[in-house]
Amino acid sequence: MNRFALSRDAIKRLDGWSTGAQALALLDSAHKLGWTRFLVRPRRLAAIVRFTALPQDRVQNALEALAALGVVELNGDEARLSAPFAEMMTSDGFAMLSDKLAQARLTARLLSKVVESNGAPVLSGDDSLTIARGVTFQPAQVGRDLFRETLESLPEYTAAVRRGRVLDVGCGVASGLLTTAAIFPEIRGLGLELVPAVAAEAVRRAKAQGVDDRVEIRAIDARDFDETAAYDACFWAQPFFSDHARLPTLQAIHRALAPGAVLLEQELESDPEDPAGQAAFAMRRMVFGAQSVPFAPSAECLAAEAASAGFTLVRIASTNLGRMVVLQR
């Protein structure tokens, strides 16, 4: 009976993981085929059948499965996306469903590569762009409101950026920089991004937001940035910098900032207490570790690291986006 109980425990866990994988696959397929866009507003079953060109019983079963997952709401013979998923279909919302689904697919592929080979997973430009889109927020109204609240709890950084020159190192698709530019119309910003495909998307978003006259994006290795004492504030997206690049990057930032300028870093995440969170944390750590990127350094570790490049800790602040390390040049 002991061995049976052990097998039953393993099967229960496997069934749970399998259900999650099936749910993601179902939503991913429905999204690719346009169901999510079609169901943003209520649709009758007959209209959905015509749209999908599938048999009615298959459509009905799919809708009931999506409803059980909380993706769809059913009301008689009508179906529509649930409010949380409908929000992720808006262009001005906090995050896009397509970006999060693409990120999930890529993460699963990277996890497989980590255990299948001895080297670091090689990321293409498209892979890097998928990550950059998936980890950030949209520079639209919801994101602006959230970011404005964050800045209110960081008066040192806000005072430095309000009328000054801002540097964003490892800017990704530049959501933070573009949002800062939208909130403070007098600033001038520069984003540094290593991957050309990601930098190109940041340029496109700057134009779409109408701030490209004040925000410049450069595809450059931050270690090669050679401006001196030119910026009043900097945000460093430290979670994506490898071990060997961190100190040279901090030294380049130190050179670029004027005396008294402020550097801001984010403690992206910490080890969660709940079992489900711990499992996800451990798998993300696998991907970061295979690429020699420190995973989830604490705010205290970030402060000590920055001190080695000449920065002085002002304080560690608690914000709606987690703990932030405020440093001064």
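The residues of the range 1-114 expose on average 63 square angstrom of accessible surface per residue, using a 1.4 Å probe on protein heavy atoms. Simple rule: put +1 on each Lys or Arg Cβ and -1 on each Asp or Glu Cβ in the range 1-151, find the dipole, and look at 122, 83, 137; the Cα lying farthest toward the positive end is 122.
Ligands, DNA and RNA are left out, and with a 1.4 angstrom probe the accessible area of the range 206-329 is 46 Å² per residue. Taking label points 7 Å from Cα along the Cα-to-Cβ direction, residue 82 and residue 220 give a separation of 4.7 nm.
Compared with the direct C-alpha span, the chain from residue 13 to residue 124 gains 36.6 nm at full extension, assuming 0.36 nm per residue. Checking every one of the GluC sites (Glu not before Pro) in the range 153-222 against DSSP loop status and a limit of 16 other Cβ atoms within 10 Å picks out 186. Dividing the alpha-carbon radius of gyration of the range 107-221 by the rule-of-thumb value 2.2 N^0.38 Å gives 1.19.
Annotation for the range 141-219 versus the range 251-329: alpha-carbon center distance of 19 Å. How high is the FRET efficiency from residue 315 to residue 112, r the C-beta distance, R0 51 Å, rounded to 0.05? Plugging the Cβ-Cβ distance into 1/(1 + (r/R0)^6) gives 0.75.
Counting protein heavy atoms only, the chain has 55 percent of its accessible area on carbon and sulfur, 1.4 angstrom probe. If the Kirkwood radius is taken over C-alpha pairs of the range 6-57, then at 10 °C and 1.306 mPa s the Stokes-Einstein diffusion coefficient equals 121 µm²/s. PRE reach from residue 159 (point 7 Å along Cα→Cβ): which of the range 245-272 fall under 20 Å by backbone N? Backbone N within reach: 257-265. Of all beta bridges DSSP finds with both residues in the range 53-193, what is the antiparallel percent, to the nearest 5? Beta bridges within the range 53-193, antiparallel portion: roughly 45 percent. Taking only the alpha carbons of the range 157-284, we obtain Rg and Dmax values of 15.6, 47 Å in that order. For the pair residue 269 and residue 5, a Förster radius of 25 Å applied to the C-beta separation gives a FRET efficiency near 0.10, rounded to the nearest 0.05.
Short-range pairs are left out: with C-alpha atoms under 8 Å and at least six residues apart, the relative contact order of the chain is 12 percent. Positive end of the dipole of the chain (Cβ unit charges, origin at the Cα centre): among 262, 153, 29, the Cα lying farthest that way belongs to 29. With contacts taken as Cα pairs under 8 Å at a separation of at least 6 residues, the range 113-194 carries a relative contact order of 29 percent. Report the net charge of residues surrounding residue 269, where surrounding means a beta-carbon distance below 14 angstrom and charges are Lys +1, Arg +1, Asp -1, Glu -1. Charge balance in the 14 Å sphere: -2.
Stokes-Einstein diffusion of the chain at 10 °C, 1.306 mPa s viscosity, Kirkwood radius from Cα pairs, rounded to a whole number: 72 µm²/s.
The values are calculated or read from the model by the stated rules, or taken from the named source; none is laboratory data. This one's a predicted model, so the numbers in the text were calculated from it and none came from an experiment. Because the Cβ atoms are built from the backbone with ideal geometry, glycine has one as well, and the counts that use them run over all protein chains shown. SASA here: full protein model, heavy atoms, side chains in, ligands and nucleic acids out. Shrake-Rupley method; radii C 1.70, N 1.55, O 1.52, S 1.80 Å.
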